[in-house]
Amino acid sequence: MISVIVPVYNVEAYLRKCLDSVVNQTYGDLEILIVDDGSTDQSGKICDEYQFDKRVRVYHTDNHGLSAARNYALDRATGDYIAFLDSDDWFENTALERFVTVAQSTGADIVACRFYQEYADKTVKPEGIDAEFVVEGDEVLKSMVIDHKLTEDVWNKFYKAGLFDSIRYPEGRLFEDKATTYKVLWKADKLAYTPDPLIHYRNREGSLSNVHSMKSLLDYWFVYRERFDTLSPISDQYYKAAVSEAVGAVSRMWRWYAGCNEQEKREANEILNDMRIFVEEHRREVTSGAYSGHVKAACYYARMRSPLIFNLLYSLNTLYRSKNRNRYFEQ
């Protein structure tokens with residue numbers, strides 16, 4: 001049996017398409033756990049409509065965020081496998097059947113897939129590796145962190161339930177996927193990848209992942225600072241990869257810093273100093289050829305602490321984003 005976990009918050013315009021894609025799967029042995037995370041629109045009522053299907057269990061909770069909603073469902077899931085679907089996205093009709101087939105034919109603990117990117121005016125064909133592969137042991141984590149064959153998203157993967165026995169999502173923080181997926185991969189003995197695009201991911205400009213508030217920028221840093229502490233001792237390869245990720249998070253801060261208000265900047269000053277210290281400690285890595293020009297520039301100019309420079313970086317980054325709206329950004 002598959003436990004399908006759908007956290008819901010104020011998505012009334014998209015929710016039926018999401019839930020229809022779950023209840024109409026060609027694979028039928030499901031329990032569908034829908035967690036209405038304190039929605040203030042009609043989302044909660046729409047969730048209740050789907051209880052005509054006996055496989056559906058709807059939970060209404062106070063608003064505690066995406067991580068809390070996922071954790072709430074994980075604590076109640078009884079399936080052999082876990083699948084996550086965000087409430088503005090949707091499955092291909094055969095997605096779960098395909099996941100199960102690949103998992104059972106390969107013996108994989110995790111199955112990953114490609115996905116369509118949905119924008120208001122177009123569907124973007126999936127990127128990523130266009131061939132199946134299977135990795136085992138140490139190669140599972142390496143396939144994401146070092147080889148970059150996989151994204152860090154939780155929702156384009158299918159998991160044996162036991163992988164979550166001691167893992168939960170960090171509550172009250174953004175970028176919960178980035179903080180958690182690598183830990184799940186680290187526990188897995190085998191991962192299989194299918195190039196089939198089984199998920200439709202909806203890009204929304206107002207989604208939390210596209211809002212560059214100070215909280216968003218700091219939470220992004222916390223993820224990769226923690227990953228540096230965790231992964232850098234494993235090997236020289238992981239050290240280099242973890243430094244690269246953390247420096248990328250610092251660069252992200254400086255590129256969006258000018259868009260934050262002054263009070264947020266003052267409150268974050270201690271953490272910002274920690275970020276500057278990190279870059280100073282790893283200056284050799286930052287100035288090497290391993291980084292893109294915008295990362296080097298952002299980290300270099302941040303040392304000047306010049307409002308003019310921060311405004312320039314912010315303007316250039318905003319312009320770049322506006323010219324590349326129909327692109328899936330990891331940062």
**Request:** Please report how far the C-alpha centroid of region 69-133 lies from that of region 21-37, rounded to the nearest whole angstrom.
**Result:** 12
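Going by a ≥ b ≥ c, the root eigenvalues of the Cα gyration tensor, does region 212-323 fall in the rounded group (a/c under 1.5), the prolate group (a/b larger than b/c) or the oblate group?
Here region 212-323 falls in the prolate category.
With a 10 Å radius around each residue's Cβ, average the other Cβ atoms per peptide and rank 187-197, 115-125, highest first.
The densest-packed peptide leads the list: 187-197, 115-125.
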**Structure-derived volume of the Cα convex hull per residue in Å³: which label, when the choices are (i) 137; (ii) 207; (iii) 178** = (i)
**Message:** Can you compute the FRET efficiency between S105 and Y59 using 1/(1 + (r/R0)^6), with r the Cβ-Cβ distance and R0 = 41 Å? Round to the nearest 0.05.
**Reply:** 0.75
**Fill in**
Over the chain, the sum of -39500 (n - 2.57) across DSSP H runs of at least four, divided by residue number and rounded to 500 deg cm²/dmol, gives at 222 nm -13500 deg cm²/dmol
**Message:** Which one, L217, A258, V11, projects farthest toward the positive side of the charge dipole computed for the chain from Cβ point charges (K/R +1, D/E -1)?
**Reply:** A258
**Prompt:** Assigning unit charges at the beta carbon (Lys, Arg +1; Asp, Glu -1) and nothing else, what dipole magnitude in debye, to the nearest 20, does region 212-323 show about its Cα centre?
**Reply:** 500
**Local electrostatic count, A268, Cβ distance below 13 Å [Lys/Arg +1, Asp/Glu -1]** = -2
**Message:** Cβ neighbours within 10 Å, averaged per peptide: list 309-316, 85-92, 266-273 in order, most packed at the top.
**Reply:** 85-92, 309-316, 266-273
**Asked** Hey, what did region 2-202 get for relative contact order, percent, Cα under 8 Å, at least 6 apart?
**Response** 27
**Fill in**
Once phi for every residue in region 253-264 is put through the Karplus expression 6.51 cos²θ - 1.76 cosθ + 1.60 (θ = phi - 60°), the whole-Hz ³J(HN,Hα) values, with Gly and Pro written as x, are 4, 5, 6, 10, 4, 5, x, 8, 7, 5, 5, 4
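Suppose we keep just the DSSP beta bridges with both residues in region 2-202; what percent of those would be antiparallel, to 5? List each step's numbers first, then the result.
On the way: 14 of 40 bridges.
Looking only at bridges with both residues in region 2-202, the antiparallel portion is about 35 percent.
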**Fluctuation leader among G137, G293, G172 - the chain, Gaussian network, Cα springs under 10 angstrom** = G293
**Message:** Run the numbers for N93 and S166: contour at 0.36 nm per residue of separation, minus the present Cα-Cα distance, in nm.
**Reply:** 23.2 nm
**Message:** Sort D219, D20 by Cβ crowding within 10 Å, fewest neighbours at the top.
**Reply:** D20, D219
**Asked** Placing +1 at every Lys and Arg Cβ and -1 at every Asp and Glu Cβ, with all other atoms neutral, what dipole size does region 1-113 have around its Cα centre, in debye to the nearest 20?
**Response** 180
**Item:** Dipole magnitude of region 158-287, debye to nearest 20 (Cβ charges: Lys/Arg +1, Asp/Glu -1, about Cα centre)
**Value:** 240
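Subtract the Cα-Cα distance of V134 and E267 from 0.36 nm times their separation in residues, and report this length gain in nm to one decimal.
On the way: separation 133, 0.36 × 133 = 47.88 nm, distance 4.59 nm.
Extra length available between V134 and E267 comes to 43.3 nm.
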**Listed peptides 229-235, 8-14, 108-114 by packing density, highest first (mean Cβ within 10 Å)** = 108-114, 8-14, 229-235
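All of the numbers you see were taken from the coordinates with simple rules; none came from a lab. Just so it is clear, the structure is predicted and the values come from calculations on it, not from any experiment. Quick reminder, even Gly has a Cβ in these numbers, built from the backbone with ideal geometry, and neighbours come from all protein chains shown.
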